[in-house]
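One structure is given below, encoded as structure tokens.
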Amino acid sequence: MDKRLAKIIEDSKSVVFFGGAGVSTESNIPDFRSEKGLYQAQQEYGCSPEEILSHTFFVNKTETFFDYYKKNLIYVDAEPNKAHKALAYLEDQGKLKAIVTQNIDGLHQKAGNKNVFELHGSVLRNYCMKCGKFYDLEYIMDEKNCDSGIPHCKECGGIVKPDVVLYEEALDSDCMMAAIKAIEEADTLIIGGTSLVVYPAAGLIRYFKGNNLVLINKQSTPYDSKADLVINDYIGKVMEIKE
């Protein structure tokens with residue numbers, strides 16, 4: 001781990017980590033907002049990922065939504081990387097109190113973290129829009145449970161929707177409030193793998209009143225001047241804990 005970051009964590013009692021897509025790209029999960037992702041969506045579907053992943057598109061073009069969703073947001077073979085493992089270690093040590101994530105892949109939990117606030121939901125959870133029954137990822141990926149690629153509830157026949165927050169949908173208020181509380185109570189906030197431009201999630205930084213603001217991102221962010229430590233590098237490389 002970067003020595004400056006290790007010293008800050010050592011001197012902290014309550015660390016919170018806030019992460020974005022850059023945390024998962026090192027597990028070979030591409031950021032759909034990248035130039036390549038935008039180009040691919042335009043070429044294959046004739047519209048942007050943001051449009052496809054909107055509530056309106058889901059309602060009006062459900063079959064196309066699921067085609068894009070299953071091809072571009074589901075990575076069943078993805079494994080936690082060095083950053084995920086370091087965060088699980090820090091929670092085990094009692095230093096890390098919570099993770100607030102914009103990612104929907106469930107890799108923080110797979111690495112062993114328990115106190116994770118998923119602002120945008122999770123691909124691992126899916127629910128029937130009609131009766132509310134929950135299903136796992138395997139169920140919606142199995143074509144036997146789908147009609148034209150659209151998964152349906154085995155109880156009532158309703159459409160099974162991923163428990164992810166689409167564009168035009170509000171973030172879960174309970175999750176948001178819990179994330180804010182964790183950030184307010186932290187003495188160190190580590191922000192990694194996010195450009196801090198996607199709202200409302202990026203606005204969470206204003207609730208931090210602690211001593212150390214650390215930003216780890218390959219590119220600069222609008223908040224670099226406010227940080228106590230800025231590291232422009234791969235987050236896995238920065239956070240790796242060597243045995």
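The values are calculated or read from the model by the stated rules, or taken from the named source; none is laboratory data. As the structure is a computational prediction, the values presented were derived from the model and not from experiment. Please note: Cβ atoms are built from the backbone with ideal geometry, for glycine as well, and neighbour counts cover all protein chains shown. For the accessible areas, the whole protein counts, side chains as well, though only heavy atoms, and no ligand, DNA or RNA atoms are used. Shrake-Rupley method; radii C 1.70, N 1.55, O 1.52, S 1.80 Å.
Suppose the filter is out of contact with any Asp or Glu (no Cβ under 9 Å at 6 or more places or on another chain), modelled with pLDDT of 95 or more and under 26 Å from residue 10 (Cβ atoms); does residue 79 pass it?
Here the answer is no, as residue 79 does not meet what is asked.
Might you let me know whether the range 34-48 holds any residue that is modelled with pLDDT of 90 or more and basic (Lys, Arg)?
There is no residue in the range 34-48 that is modelled with pLDDT of 90 or more and basic (Lys, Arg).
Kindly evaluate residue 229 against the criterion of being hydrophobic (A, V, I, L, M, F, W, C) and on the phi > 0 side of the Ramachandran plot.
no
Which condition breaks for residue 96 when tested against (1) in contact with a Pro (Cβ under 8 Å, 6 or more places away or on another chain); (2) at pLDDT 95 or above; (3) closer than 30 Å to residue 8 by Cβ?
(1)
Hey, does the range 211-230 have a residue that's in contact with a helix residue (DSSP H, G or I) (Cβ under 9 Å, 6 or more places away or on another chain), small (Gly, Ala, Ser), under 20 Å from residue 2 (Cβ atoms) and surrounded by 17 or more Cβ atoms within 10 Å (Cβ to Cβ)?
No, the conditions are met nowhere in the range 211-230.
Considering only the range 175-188, state which residues are open to solvent by 80 Å² or more (accessible area, probe 1.4 Å) and either in contact with a Ser or Thr (Cβ under 9 Å, 6 or more places away or on another chain) or under 27 Å from residue 66 (Cβ atoms) (or both).
185
Which condition from (1) free of Cβ contacts under 8 Å to residues at least 12 places away in the same chain; (2) more than 22 Å from residue 186 (Cβ to Cβ); (3) assigned to a helix (DSSP H, G or I) is the one that residue 6 breaks?
The one condition residue 6 does not meet is (2).
Quick test of your reading of the structure: residue 147 fulfils all but one of (1) touching a residue at least 60 places away in the same chain (Cβ under 8 Å); (2) more than 18 Å from residue 24 (Cβ to Cβ); (3) among the charged types (D, E, K, R). Name the failing condition by number.
(1)
I need the strands (runs of 3 or more DSSP E) fully contained in the range 88-152, keeping only those with at least 1 residues that are open to solvent by less than 20 Å² (accessible area, probe 1.4 Å).
Filter on the range 88-152 gives 96-101, 121-128.
Inspect the range 221-229 for any residue being among the hydroxyl-bearing types (Ser, Thr, Tyr), in contact with a Leu (Cβ under 8 Å, 6 or more places away or on another chain) and without any contact (Cβ under 8 Å) to a residue 60 or more places away in the chain and give the result as yes or no.
Yes, the conditions are met somewhere in the range 221-229.
Which is open to solvent by less than 50 Å² (accessible area, probe 1.4 Å), within 24 Å of residue 221 (Cα to Cα) and touching a helix residue (DSSP H, G or I) at 6+ places or on another chain (Cβ under 7 Å), of 18, 58, 65?
Exactly one residue qualifies, and that residue is 18.
Got a sec? Which helices (runs of 4 or more DSSP H) wholly within the range 21-86 have at least 1 residues that are closer than 15 Å to residue 164 by Cβ?
Because the criterion is at least 1 residues that are closer than 15 Å to residue 164 by Cβ, the helices (runs of 4 or more DSSP H) in the range 21-86 that meet it are 21-25, 49-52, 55-60, 62-72.
Residue check, residue 160 against (1) of a type in the set (A, V, I, L, M); (2) closer than 22 Å to residue 18 by Cα; (3) surrounded by 17 or more Cβ atoms within 10 Å (Cβ to Cβ), all met but one. Which one?
Looking at each condition in turn, residue 160 falls short on (2).
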